[in-house]
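Values in this text are rule-based calculations from the coordinates and carry no lab data. The model shown is predicted, which means the values in this text are computed figures rather than measured ones.
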């Protein structure tokens, strides 16, 4: 039996419905048509997660200029996400994956928490890069640089 590619095993995960920090039901497939950055982090308002979230916030305009949507995911609740987003002025979507199903589907659930990992998808929701077990500081810039290279490659190929 042939092994399934990472893209194939992620396809069902893109359809899982979860609530964001505003209580709105979302699924990752709803972001088709944009570059999509899905970053998993362990817990709202902890030192490392706050550093990472603020770095994504500070680079948000640059991501937008590349038609990239940022989605943060942790196993915290909608209310926890709302407080975290408000406290640190996070302008992007935070998905509450309280049962850990989304993190499990991406293979990053560890002891009930999402391991710090990031997945970058193109406009067609094809997985272009997975970053596993990353450090909080400087990671947002690393992801931005990758998205920039993805956009530049697409332009060069006439896409």
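Whole Å is fine, so just give me how far the alpha carbon centre of region 124-159 lies from that of region 39-110. If you average the Cα positions of each part, the centres end up 17 Å apart. Dividing the summed -39500 (n - 2.57) terms of all DSSP H runs of n ≥ 4 by the residue count of the chain sets its mean residue ellipticity at 222 nm at -10500 deg cm²/dmol. When a/c is below 1.5 the answer is rounded, else prolate if a/b is larger than b/c, else oblate, so apply that to the chain with a ≥ b ≥ c taken from the square roots of the Cα gyration tensor eigenvalues. In terms of gyration-tensor shape, oblate. Take every Cα pair under 8 Å whose residues are at least 6 apart in sequence, average their separation, divide by the length of region 1-94, and the relative contact order is 32 percent. Its relative contact order, with pairs defined as Cα atoms under 8 Å and 6+ residues apart, puts the chain at 29 percent. Looking at region 6-159 alone, DSSP beta bridges between its own residues are antiparallel in about 60 percent of cases.
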